[in-house]
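The values are calculated or read from the model by the stated rules, or taken from the named source; none is laboratory data. As the structure is a prediction and not an experimental result, all values here were calculated from the model. Glycine gets a Cβ as well: all are built from the backbone with ideal geometry, and neighbour counts include every protein chain shown.
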Amino acid sequence: MKTTLAAFCALLLLSAAPVRAEDPEPHLEAAKQAAGFDFTGTLARICIAPGQSVGIGPRGVIPDRALWHAEPARMFDNLYFIGTRVHSAWALKGSGGIIIIDTLFNYAIEDEMVNGLKKLGLDPAQVKYVVITHAHGDHDEGARLFQERYGAHVVMGGPDWDALDKSAEIPGGKPHRDMVGSDGQTISVGDAAVTLVATPGHTPGTLSLIFTVKDRGKPVTVAYSGGTAQAGIYKSGPGLDTYAASQRHMAEKAAAAGASVLMTNHSEFDEAYTKSRLVKVRGPGEPHPYEVGQDGVRRYFTLMEECALVNKARLAP
């Protein structure tokens, strides 16, 4: 009886003891190793200062043009940068039209995207699809323009369509609910196509993409991260779990496709603005500024997963 009582008391003491939080340091070290010198901006934003917001201004605020304007650039043979210094938008040209990947805040649409396409010799009327990776103002406010002016289909993840439907009106107007993007779905314009990868976390309906472009005639595969920052979820254990699982999923899809180029929709994560200028002075035989190799792509998604685990470990037990 004494032995049983003693064991019972010990069990009570153990159950009353506080659960120790996981040490974030091993995950932080793994994140640093994955980042190397290639992805220091991403490391700083989602591992070191995850609570900071991204980019210039909220919906409806128009910053000085000098802070955001960028000249368009032909990044690959059939992929064009039509973004700002901060936020990226892309045009993938195929034999059957153009796919736009992400749009911008409403204040930059005409300047950067519509006029940018024209400067590059592309016809905005040939835009057949606009893929919105997630429903935040820096990526979705141009969707309505392309939908109404040029008849383009707008593609977005289901949960983000739902959120946009329920939200207040946005600058430029909400796009009419159109195509719901799903994991593994392929969208084609002749000889160019993108494959959607569902990566919920940044928002519930975030979509990432895998697609092939040509670099001086050579096919290369791009892994495009649709949502990176953790500001909205860095204090949510379930949200961080979802984010981490999404990065593993994307890493698997990118590896299976042999992706060797890593792109995102913010210059702070992939230096799109800098690379849009570097590509214009690239010499014969020089590597493309966006080429990071398959190991670089793998490390990027490892970094994102590990940062989610860092932030989860920092949560109070």
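Report yes if VAL197 is aliphatic (A, V, I, L, M) and in contact with a Ser or Thr (Cβ under 8 Å, 6 or more places away or on another chain), otherwise no.
So VAL197 passes the test.
Of (1) over 17 Å from PHE269 (Cβ atoms); (2) assigned to a strand (DSSP E or B); (3) of a type in the set (Val, Ile, Thr), THR242 satisfies all except one. Which?
It is condition (2) that THR242 fails.
Quick one: count up the residues across region 260-317 that are more than 20 Å from the chain's Cα centre (by Cα) and either farther than 25 Å from LEU28 by Cβ or of a type outside the set (A, V, I, L, M) (or both).
Number satisfying all stated conditions: 15.
Do we have ASP183 as farther than 19 Å from ARG74 by Cα and in a helix (DSSP H, G or I) here?
In short, no.
If you scan region 154-163, which residues turn out to be surrounded by fewer than 19 Cβ atoms within 10 Å (Cβ to Cβ) and either closer than 24 Å to ASP111 by Cβ or touching a Ser or Thr at 6+ places or on another chain (Cβ under 9 Å) (or both)?
GLY158, PRO159, ALA163
Checking the condition in contact with a Lys or Arg (Cβ under 9 Å, 6 or more places away or on another chain), within 27 Å of TYR80 (Cα to Cα) and among the hydroxyl-bearing types (Ser, Thr, Tyr), which residue from TYR290, TYR224, TYR234 passes?
That would be TYR290, the only listed residue that is in contact with a Lys or Arg (Cβ under 9 Å, 6 or more places away or on another chain), within 27 Å of TYR80 (Cα to Cα) and among the hydroxyl-bearing types (Ser, Thr, Tyr).
I need the full set of residues from region 164-180 which are among the β-branched types (Val, Ile, Thr) and part of a loop (DSSP other than H, G, I, E, B), in order please.
Within region 164-180, ILE170 is the sole residue that qualifies.
Scan region 29-40 and give yes if some residue there is hydroxyl-bearing (Ser, Thr, Tyr), modelled with pLDDT of 70 or more and surrounded by 17 or more Cβ atoms within 10 Å (Cβ to Cβ), otherwise no.
no
Do we find that THR274 is at pLDDT 95 or above and either in a strand (DSSP E or B) or within 16 Å of THR199 (Cα to Cα) (or both) in this structure?
Working: at pLDDT 95 or above: yes; either in a strand (DSSP E or B) or within 16 Å of THR199 (Cα to Cα) (or both): no.
Criteria not met by THR274.
Identify the residue in region 260-288 that is among the aliphatic types (A, V, I, L, M) and more than 16 Å from ALA223 (Cβ to Cβ) and, among all such residues, is surrounded by the most Cβ atoms within 10 Å (Cβ to Cβ).
Once the filter is applied, the top-ranked residue is VAL279.
Give region 74-85 a look and list any residue that's out of contact with any Leu (no Cβ under 8 Å at 6 or more places or on another chain) and either crowded, with 23+ Cβ neighbours inside 10 Å or among the hydrophobic types (A, V, I, L, M, F, W, C) (or both), or say none.
MET75, PHE76, PHE81, listed by residue number.
From the list ASP123, ASP178, exactly one residue is in contact with a strand residue (DSSP E or B) (Cβ under 7 Å, 6 or more places away or on another chain) and either without any contact (Cβ under 8 Å) to a residue 60 or more places away in the chain or at negative phi (or both). Which is it?
ASP178
Quick one: how many residues across region 277-287 are part of a loop (DSSP other than H, G, I, E, B), over 15 Å from ASP38 (Cβ atoms) and not small (Gly, Ala, Ser)?
3
Pick from ALA193, ALA255, ALA229, ALA259: which is among the aliphatic types (A, V, I, L, M) and closer than 22 Å to CYS47 by Cα? If you could, list the steps in order and put the result at the bottom.
On the way: ALA193 fails: closer than 22 Å to CYS47 by Cα; ALA255 fails: closer than 22 Å to CYS47 by Cα; ALA259 fails: closer than 22 Å to CYS47 by Cα.
Exactly one of ALA193, ALA255, ALA229, ALA259 is among the aliphatic types (A, V, I, L, M) and closer than 22 Å to CYS47 by Cα, namely ALA229.
Can you pull out every residue in region 115-143 that is crowded, with 18+ Cβ neighbours inside 10 Å, outside any loop (DSSP other than H, G, I, E, B) and not charged (D, E, K, R)?
Matches in region 115-143: GLY116, LEU117, PRO124, VAL127, TYR129, VAL130, VAL131, GLY137, HIS139, ALA143.
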